[in-house]
1. Quick check on A:G52: is it in contact with a Leu (Cβ under 7 Å, 6 or more places away or on another chain) and under 30 Å from B:V132 (Cα atoms)?
2. Of the residues that sit in segment B:167-219 and are in contact with an Asp or Glu (Cβ under 9 Å, 6 or more places away or on another chain) and in a loop (DSSP other than H, G, I, E, B), which one is least open to solvent (accessible area, probe 1.4 Å)?
3. When only residues in segment B:90-117 that are assigned to a loop (DSSP other than H, G, I, E, B) and within 14 Å of another protein chain (Cβ to nearest Cβ) count, which is surrounded by the most Cβ atoms within 10 Å (Cβ to Cβ)?
4. If you go through segment A:130-161, how many residues are more than 8 Å from chain B (Cβ to nearest Cβ) and β-branched (V, I, T)?
5. Give segment B:51-74 a look and list any residue that's open to solvent by 50 Å² or more (accessible area, probe 1.4 Å) and under 24 Å from the mean Cα position of the chain (by Cα), or say none.
6. If you scan segment B:87-99, which residues turn out to be over 12 Å from B:H127 (Cα atoms) and touching a residue at least 40 places away in the same chain (Cβ under 8 Å)?
7. Under 9 Å by Cβ, and 6 or more places apart or on different chains, what pairs join a residue from segment A:175-186 that is among the aromatic types (F, W, Y) with one that is in a helix (DSSP H, G or I)?
8. Restricting attention to segment A:8-50, which residues are facing chain B (nearest Cβ under 10 Å) and surrounded by fewer than 18 Cβ atoms within 10 Å (Cβ to Cβ)?
Number of protein chains: 2
Amino acid sequence: MNPPLIILVRPQLGENIGKAARAMLNFGLTELRLVAPRDGWPNPDAGPAASGADIVLANAQVFDSLADAVTDCTHIYATTVRKRGVSKPVLTPEAAAKAVHASAGRSAFVFGPERSGLETDDVAVAHNIITVPINPEFGSLNLAQAVILLAYEWSKGQALASPPDVPLAPPAPHEEMEELIQHFVRDLDEAGYFFPADRRASTLRTLRTTLTKTGWSHNDVRMMHGIVTMLGRKRRDRT
Amino acid sequence: MNPPLIILVRPQLGENIGKAARAMLNFGLTELRLVAPRDGWPNPDAGPAASGADIVLANAQVFDSLADAVTDCTHIYATTVRKRGVSKPVLTPEAAAKAVHASAGRSAFVFGPERSGLETDDVAVAHNIITVPINPEFGSLNLAQAVILLAYEWSKGQALASPPDVPLAPPAPHEEMEELIQHFVRDLDEAGYFFPADRRASTLRTLRTTLTKTGWSHNDVRMMHGIVTMLGRKRRDRT
């Protein structure tokens, strides 16, 4: 457990800083660093946009330069869509998240200003570039969206997963399903369903396949017994 | 290639419909269906929020009920954070995306209204539930964020990936690195670096390791030759 820092370089709108904080906390990231935010810090527009992720904003640290912001980081990832003059290995968010989990030191995901993205000099500070594979004909990922995708990928390595509280009912044992199949067959025989008689075997095989693949639980099977019985009654009443 | 539909059930704000459209198109999804949008359709707030994803909005189809919206779908996934009374298999976005790629029919990712999420009756229409694993102490995923995470996971199975246009320079062949190491060694020997002499072998091994792991390309190696040479000149000049 060694969560990455999120570093926003020269962010412009307080609203976007707040949204980034919200995206972070959704996936368990809490350490935000701001490099030269355009409108200073704190910024009154950040809080409302954070939708309750106030702790992230309250603990945000401010630095004058990216170099100052990453002094304690061993792995620095620059997120940038555009191809820059800097030649560095380009990772997907997925690969970067795995690299963060595999590394012992502190990692930082660095994001540029809203419009322009990171400058070449910022990218030069990083060890790797992260590029989100995106629709080549419509690449329009905003700051908070980029943050959430990175935070989300990182969180996959964590124990955030929220499995269903109550386990799903498992499929009924074969014996129960077999009894149900026999119930169907009995009542269908009675109703004259298997006609002509020489196709009985193949029709029955189809029915068996259909019922077997349902994955019905004990309760499902019980309910179906009731349904088959009731349908039979209805038929008898009619005749 | 069988992209899933995105279905927004009773969306409230046009702005959020626009943001969802933008999130979709970022990852190559274009088919949007709206079930009973609160403020009717079209909605003037959607366009600006779509940031250019107008084609998605223009082609959006409107339905009265979720059942009407999914008549042509074979696999219906209901996204919901909260545990409902409905027992269905719960998938992560990743597992759902893989299921969509593996299936032949049309798939739909269904999202509920902004505040309340999907009703139990909506979830009942679905084959599976998708839950985004999220910080249990701060789950605050908005509609467009949920859409983008699903679209992003789906896009991983596609050929959207944008590798660097220019391949990175590969590491230089071993021979070139070896020449560089020897250049270092020659000049360092000359400078009296390997002292005391009985530690020469181990120091040299360390140097070799350090240089080998750089992954330096042909051009990097050439540049380093120049640097080593220049440093040597500087030293000779001084002495």
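The values are calculated or read from the model by the stated rules, or taken from the named source; none is laboratory data. On a predicted model such as this, the values are computed, not experimentally measured, just so you know. Quick reminder, even Gly has a Cβ in these numbers, built from the backbone with ideal geometry, and neighbours come from all protein chains shown. These accessible areas exclude ligands, DNA and RNA; they are computed on the full protein's heavy atoms, side chains included. Shrake-Rupley method; radii C 1.70, N 1.55, O 1.52, S 1.80 Å.
1. no
2. B:A172
3. Selected residue: B:T92.
4. 2
5. Residues of segment B:51-74 open to solvent by 50 Å² or more (accessible area, probe 1.4 Å): B:51, B:54-55, B:58-59, B:61-62, B:64, B:67-68, B:71-72, B:74.
Hits for segment B:51-74 are B:S51, B:D54, B:I55.
6. Correct list: B:T92, B:P93, B:E94, B:A97, B:K98.
7. A:F184/A:L207; A:F184/A:L211; A:F184/A:M224; A:F184/A:V228
8. A:T30
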